[in-house]
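I have placed the structure first, in the form of structure tokens, so that the comments after it can refer back to it.
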Amino acid sequence: MLDLAIIIGHRRGSQGASGNSLTEYGFHAEFAPMLAEACQDAGLSVAVVERRDDSHGYRDLPATVNALKPRFAISMHLNAHDSAASGSEALYWHTSKGDMNGDGVPDRSCALASMLQEAQCDALGLKDRGLKPIEKGHRGWYLLAKTAMTCALIEPCFVSNAYDVTTLLEHRRELASALATAAAEYSRILGGQE
């Protein structure tokens, strides 16, 4: 059974947010193998999902991920706004809220997002912009709503902020290690719920 699908945000022909000589796709196309290796070192089986330019686009992505049947998925992005905006955030589907059954064990994408958010904030030391519950029509909603497994979307920094980008590039190995540790811990918790 596949533990984790790491989803590279955007694609070569549509690279997402850009700034400070970096694009979402460009960074994550290089970072995803590093994260996958760190996750494998932590004992997880991993697949990296990259949308091809000749695919039918974003609408096909949930089906592509679902076909792999991972236990959970992480979609990797970078944020953008203006040069003053800074920090890390994680997104989850709005109906997934913490400990849903009252057993003290975190449930689903809110819990995964929380663990990933803590990891990326610890690794990068940027402002903690918190968890963002996503509803239909908001950024990332289609993937978060249509994947069959637990899925969270991370945005470690603002590509529009030079300090954030420098921090990301200087600490990407620490970020990979921290995210892998969080993913392995989530997998352990999830194992007790299946």
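Observations on the structure shown:
- In the set ASP164, ASP122, only one residue is touching a strand residue (DSSP E or B) at 6+ places or on another chain (Cβ under 6 Å) and either of a type in the set (S, T, N, Q) or in a helix (DSSP H, G or I) (or both); that residue is ASP164.
- Among the residues here, ALA5 qualifies as crowded, with 17+ Cβ neighbours inside 10 Å and either modelled with pLDDT under 90 or of a type in the set (A, V, I, L, M, F, W, C) (or both).
- Checking each residue in region 137-172 for being touching a helix residue (DSSP H, G or I) at 6+ places or on another chain (Cβ under 7 Å) and among the basic types (Lys, Arg) picks out LYS146, ARG172.
- Among the residues here, LEU68 does not qualify as in contact with a Pro (Cβ under 6 Å, 6 or more places away or on another chain) and surrounded by fewer than 21 Cβ atoms within 10 Å (Cβ to Cβ).
- Single match in LEU35, LEU78, LEU61 (criterion: over 14 Å from the mean Cα position of the chain (by Cα) and surrounded by 15 or more Cβ atoms within 10 Å (Cβ to Cβ)): LEU61
- Of the residues contained in region 118-129, none is found to be at pLDDT below 95, surrounded by 18 or more Cβ atoms within 10 Å (Cβ to Cβ) and within 25 Å of PRO33 (Cβ to Cβ).
- Single match in ALA29, ALA5 (criterion: in a helix (DSSP H, G or I) and either farther than 17 Å from ALA178 by Cα or not polar (S, T, N, Q) (or both)): ALA29
- Test: residue in region 120-142 that is within 17 Å of ALA5 (Cα to Cα) and not charged (D, E, K, R): yes
- Sole exception among (1) of a type outside the set (Lys, Arg); (2) touching a helix residue (DSSP H, G or I) at 6+ places or on another chain (Cβ under 8 Å); (3) over 14 Å from PRO156 (Cα atoms) for LEU91, by number: (3)
- For region 150-172, the candidate set comprises residues that are buried (at least 20 other Cβ atoms within 10 Å of the Cβ) and aliphatic (A, V, I, L, M); within that set, the residue that is farthest from ASP60 (Cα to Cα) is LEU168.
- Here region 8-24 is the region considered, the condition is being in contact with a strand residue (DSSP E or B) (Cβ under 9 Å, 6 or more places away or on another chain) and in a loop (DSSP other than H, G, I, E, B), and the residue that is modelled with the highest pLDDT is ALA17.
- When region 92-117 is filtered for residues that are part of a helix (DSSP H, G or I) and either modelled with pLDDT of 80 or more or hydroxyl-bearing (Ser, Thr, Tyr) (or both), the ones remaining, listed by number, are SER109, CYS110, ALA111, LEU112, ALA113, SER114, MET115, LEU116, GLN117.
The values are calculated or read from the model by the stated rules, or taken from the named source; none is laboratory data. Source: prediction; values computed, not measured. Quick reminder, even Gly has a Cβ in these numbers, built from the backbone with ideal geometry, and neighbours come from all protein chains shown.
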